[in-house]
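Take a look at the structure set out below.
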Amino acid sequence: MLFIGGLMEVIESTGSIKAAVMKAIDKTRGNEFILIAVITILFALGGAVGAVANSVIAFVSIGLIISKALRLDPIIAVAITFGATFAGFNVGFINPYSVGIAHKIAELPLFSGLLFRVIVFVVIVTITIGIHGAMLKKC
């Protein structure tokens with residue numbers, strides 16, 4: 001996590017993250033829900049595969065840039081990054097750490113029940129996006 005935080009600081013100091021975020025905001029101007037939904041899906045996928053679950057705190061800065069640019073409550077920054085990542089991690093349909101190891105211990109075929117976990121993932125992420133949409137309407 002220390003390295004990811006340092007990496008994010010180096011990248012952020014170049015201004016490239018803010019420029020990319022501002023370009024995405026300009027493209028979705030007037031329909032911020034689409035931007036929040038896409039970011040939620042990306043972070044949920046990152047959590048589902050186990051890629052960013054442990055280092056997600058470093059990515060909250062991206063959410064803060066978005067929420068500040070859209071004049072939203074900073075809690076939305078945490079929701080679209082941290083919350084979405086762990087919504088995906090809870091299902092972890094192809095997470096080699098939780099599902100892969102658990103199936104080996106339980107002597108189940110590797111990644112059996114994948115379709116069920118993908119369906120649950122879609123349901124949980126849809127609910128998460130709905131919650132984020134409700135948060136957007138309040139702001």
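For this structure, a couple of remarks:
- Neighbour counting of Cβ atoms within 10 Å sorts the residues Arg117, Arg71, fewest neighbours leading, into Arg71, Arg117.
- Mean separation of Cα contacts under 8 Å, 6 or more apart, over the residue count of the chain: relative contact order %: 26 percent
- Label positions at Ala134 and Lys104, each projected 7 Å from the Cα along the C-beta direction, are separated by 4.0 nm.
- Whole-number D in µm²/s for the chain (Stokes-Einstein; Kirkwood sum over Cα pairs; 10 °C, 1.306 mPa s): 101 µm²/s
- Those lysines that a straight Cα-Cα span of less than 26 Å connects to Lys68, excepting residues fewer than 8 apart in one chain: Lys18, Lys23, Lys27, Lys137, Lys138
- Within the chain: Cβ-based charge dipole about Cα centre, in debye rounded to nearest 20 (Lys, Arg +1; Asp, Glu -1): 340 debye
- Of the peptides 45-54, 80-89, 6-15, the order by per-residue mean of other Cβ atoms within 10 Å, starting with the highest, comes out as 80-89, 45-54, 6-15.
- Think of the stretch 10-90 as having a plus end and a minus end, set by charges on the Cβ of Lys, Arg, Asp and Glu; of Ala19, Ala58, Ile80, Ala19 sits farthest toward the positive end of this dipole.
- For the stretch 47-129, the fraction of C-alpha pairs farther apart than 16 angstrom is 56 percent.
The numbers here are math on the coordinates, done by the rules we state, and not lab data. As the structure is a prediction and not an experimental result, all values here were calculated from the model. For neighbour counting, all protein chains shown are included, and Cβ atoms are generated from backbone atoms with ideal geometry for every residue, glycine included.
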